[in-house]
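K.L.:
I have a structure here, written as structure tokens, and I will follow up with some questions on it.
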Amino acid sequence: MIEAHNVSKAYGDTQVLERISMNVGDGEFITMVGASGCGKSTFLKMLLGTESPTGGELVLDGKPIPDEPGPDRGIVFQQYSVFPHLSVLENVMVACAFSRPGIGWLIGNARLSAKRQSMELLERVGLTAAINRYPHELSGGMKQRLAIAQALINQPRILLLDEPFGALDPGIRADMHELVLQLWRETGLTVFMVTHDLKEGFYLGTRLWVFDKLRNDPQAPGAFGATITYDLKVGEVDPETYDTISSRVHETARAVEETLPEVMP
Amino acid sequence: MKRLINLAPSPAARLMLGLLPFLLLLLLYLVASDARLTENPGDKLLPAFSQMGDAMERLATEPSKRSGELVFWQDTASSLQRLGLGVLIAAVLGLLVGMFTGALPMVSASMSPLLTVISLVPPLALLPILFIVFGLGEVSKVALIAIGITPFIARDLQQRTREIPAEQLVKAQTLGASTTQILVRVVLPQLFPRLIDSVRLSLGAGWLFLIAAEAIAATDGLGYRIFLVRRYLSMDVILPYVAWITLLAFLFDWVLRQSNRRLFPWYAQGGAS
């Protein structure tokens with residue numbers, strides 16, 4: 001369904017990603033891990049359409065991914081994902097309105113059915129009690145539940161998650177994992193999730209990608225980009241591989257850290 | 001003894017400290033006015049409060065011999081109408097220009113340089129042109145206020161529009177929203193409370209342009225009256241008028257702030273981002 005052919009991305013002289021080739025089928029759940037500055041978020045943005053590859057080709061169903069966001073690819077960011085001026089229910093209902101022509105307001109029967117649909121989905125993510133609250137009155141976990149409901153209401157084929165649980169407490173995070181897995185099983189959509197947390201990547205989802213730099217030149221930190229160094233089926237990873245990846249990623253993180261000032265735009 | 005930087009007054013002390021300068025000024029005026037009036041009962045510079053009261057009672061309750069109107073209320077109504085219209089026009093124009101230039105790079109590319117230049121033109125220098133083009137009637141005064149504060153509101157809202165996190169705009173697009181839908185449902189409603197803030201800030205300039213225009217060419221209005229009675233050194237009218245204008249300015253600011261809190265709770269409670 002999604003294919004990358006030798007995709008690379010550079011900002012000026014700084015090579016962020018290089019030589020990425022892969023093939024993802026319908027219904028896979030892919031987690032992407034790696035040190036910060038290793039381009040996993042950049043790759044997600046290319047899938048989203050807010051960044052385009054500077055080399056190679058990124059293909060969805062045989063066609064290049066459009067260079068602007070669209071309704072087939074939903075997104076949940078770490079923050080700012082929901083609309084602060086709308087209540088929880090309105091946040092989801094506005095998504096229904098966006099999927100139809102018009103200026104963004106639903107009336108009559110369309111509004112009623114959007115409301116029913118939104119209430120159903122909000123119940124599934126456990127926000128029924130909070131439908132009239134504004135986002136600033138929600139906890140971090142509730143906000144992300146809302147963002148997920150919003151992203152799913154129009155039934156996208158692909159769901160992109162950009163460190164969605166990075167700012168949450170560990171207990172809440174476990175609940176959120178459960179929710180995401182459950183929704184993924186029920187809807188059968190394809191999920192790409194970027195995470196900082198190596199462990200999270202190892203047990204969530206079906207497939208794990210590790211973004212890492214194979215080569216690193218301390219004198220010219222921008223010369224080489226990261227690529228996918230491991231492409232693993234989750235569940236078949238032995239502890240040894242985990243340790244290797246963990247130490248490799250930390251090593252790169254340190255190397256990137258030391259040369260950071262000019263690495264990322 | 002704590003460092004001065006760490007010393008804060010208690011709520012009661014804060015109130016006292018806040019009132020103190022007002023009381024001192026009042027006392028200073030009373031003493032000075034009294035001293036001058038004892039020396040010369042016909043002194044006009046620092047009238048006693050009773051004299052101001054008499055003058056205001058006359059203007060507010062006795063129909064004018066010339067026009068048969070209650071001068072004070074007529075002045076207030078005329079001025080508020082001009083100010084209200086001018087500010088309203090400026091708010092609508094500023095909102096539209098600010099939103100479109102802030103949200104659409106293509107519009108911004110063609111409008112922003114012009115907007116920058118226009119905002120540098122001193123509005124009062126345009127007043128003669130307005131008088132020539134629109135005549136000495138109401139239009140030129142309203143136009144001066146509108147022209148004077150529109151660029152400020154427009155640039156402020158342009159900035160506020162750009163401060164809306166890009167994530168929100170991307171999110172709306174992933175939900176299938178068109179440009180129109182994003183402007184109507186995401187950008188515009190978030191600009192309303194910011195527009196009210198912007199209007200609050202520009203009201204001071206609005207009063208300035210109003211009084212300037214009335215001073216030069218008008219037949220009524222608060223600014224007109226002040227400049228008219230200046231010829232007779234009527235401080236007993238000027239001082240209450242200035243106090244009245246200050247009170248009105250304070251009230252508008254208060255009403256706008258309250259309406260922002262009531263209408264947009266998500267904004268006032270720090271949920272703006």
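K.L.:
Just give me the residues in segment B:183-216 being touching a helix residue (DSSP H, G or I) at 6+ places or on another chain (Cβ under 7 Å) and at the interface with chain A (Cβ under 8 Å from one of its Cβ atoms), in sequence order.
P.N.:
Across segment B:183-216, the qualifying residues are B:185, B:186.
K.L.:
If we scan segment B:95-111, do we find a residue that is on the phi > 0 side of the Ramachandran plot and either more than 17 Å from the chain's Cα centre (by Cα) or assigned to a helix (DSSP H, G or I) (or both)?
P.N.:
No.
K.L.:
Can you find a residue that is in contact (Cβ under 8 Å) with a residue 60 or more places away in the chain and closer than 27 Å to residue B:246 by Cα anywhere in segment B:100-123?
P.N.:
Checked segment B:100-123: at least one residue is in contact (Cβ under 8 Å) with a residue 60 or more places away in the chain and closer than 27 Å to residue B:246 by Cα.
K.L.:
I would also like to ask the following. Name the residue, out of A:223, A:167, that is more than 14 Å from every other protein chain (Cβ to nearest Cβ), surrounded by fewer than 22 Cβ atoms within 10 Å (Cβ to Cβ) and of a type in the set (A, V, I, L, M, F, W, C). Full working, then the answer.
P.N.:
Details: A:167 fails: more than 14 Å from every other protein chain (Cβ to nearest Cβ).
Result of the check over A:223, A:167: A:223.
K.L.:
In the list B:75, B:54, B:34, which residue meets the criterion of being charged (D, E, K, R), exposed (fewer than 14 other Cβ atoms within 10 Å of the Cβ), under 22 Å from residue B:232 (Cα atoms) and touching a residue at least 40 places away in the same chain (Cβ under 8 Å)?
P.N.:
None of the others qualify; the one that does is B:54.
K.L.:
Also, quick follow-up: Condition (residue is farther than 18 Å from residue A:151 by Cβ and charged (D, E, K, R)) applied to segment A:103-115: is it met by at least one residue?
P.N.:
Within segment A:103-115, one or more residues are farther than 18 Å from residue A:151 by Cβ and charged (D, E, K, R).
K.L.:
Just the residues that are more than 14 Å from chain A (Cβ to nearest Cβ) and either in contact with a Lys or Arg (Cβ under 7 Å, 6 or more places away or on another chain) or touching a residue at least 24 places away in the same chain (Cβ under 8 Å) (or both), please, taken from segment B:242-273.
P.N.:
B:244, B:245, B:248, B:249, B:252, B:253, B:256, B:257, B:259
K.L.:
Restricting segment B:242-273 to residues that are assigned to a loop (DSSP other than H, G, I, E, B) and not aromatic (Phe, Trp, Tyr), which is farthest from residue B:166 (Cα to Cα)?
P.N.:
Per the stated criteria, the residue is B:269.
K.L.:
Return yes or no: is residue A:188 away from chain B (no Cβ under 14 Å) and surrounded by 17 or more Cβ atoms within 10 Å (Cβ to Cβ)?
P.N.:
Spelling it out, it is not the case that residue A:188 is away from chain B (no Cβ under 14 Å) and surrounded by 17 or more Cβ atoms within 10 Å (Cβ to Cβ).
K.L.:
Could you list all residues from segment B:154-175 that are of a type in the set (Gly, Ala, Ser), surrounded by 20 or more Cβ atoms within 10 Å (Cβ to Cβ) and more than 7 Å from chain A (Cβ to nearest Cβ)? First the steps, then the outcome.
P.N.:
Step one: list which residues in segment B:154-175 are of a type in the set (Gly, Ala, Ser), which gives B:154, B:166, B:172.
Adding the requirement that they be surrounded by 20 or more Cβ atoms within 10 Å (Cβ to Cβ) leaves B:154, B:172.
B:154, the sole residue that qualifies.
K.L.:
Given the options A:33, A:7, A:88, A:16, name the one that is under 15 Å from the mean Cα position of the chain (by Cα), among the hydrophobic types (A, V, I, L, M, F, W, C) and crowded, with 22+ Cβ neighbours inside 10 Å.
P.N.:
Just one listed residue meets the conditions, A:33.
The rows are residues; the columns are (1) part of a loop (DSSP other than H, G, I, E, B); (2) within 24 Å of the chain's Cα centre (by Cα).
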site	(1), (2)
B:31	no, no
B:57	no, no
B:63	yes, no
B:68	yes, no
B:72	no, yes
B:78	no, yes
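K.L.:
Within segment A:13-65, work out how many residues are touching a residue at least 60 places away in the same chain (Cβ under 8 Å) and on the phi > 0 side of the Ramachandran plot.
P.N.:
So the answer is 6.
K.L.:
When you scan segment B:176-241 for helices (runs of 4 or more DSSP H) that lie fully inside it, which ones turn up with 1 or more residues that are among the acidic types (Asp, Glu) and either surrounded by fewer than 21 Cβ atoms within 10 Å (Cβ to Cβ) or in contact (Cβ under 8 Å) with a residue 12 or more places away in the chain (or both)?
P.N.:
B:188-216
K.L.:
With the requirement that a residue be in contact (Cβ under 8 Å) with a residue 12 or more places away in the chain, within 21 Å of residue A:125 (Cα to Cα) and among the aliphatic types (A, V, I, L, M), what does segment A:91-115 give you?
P.N.:
A:92, A:93, A:95, A:97, A:114 - these are the residues of segment A:91-115 that are in contact (Cβ under 8 Å) with a residue 12 or more places away in the chain, within 21 Å of residue A:125 (Cα to Cα) and among the aliphatic types (A, V, I, L, M).
All of the numbers you see were taken from the coordinates with simple rules; none came from a lab. The shown structure was predicted, so the numbers you read here are calculated from the model rather than taken from an experiment. Every residue, glycine as well, gets a Cβ built from its backbone with ideal geometry; the counts of neighbours run over all protein chains shown.
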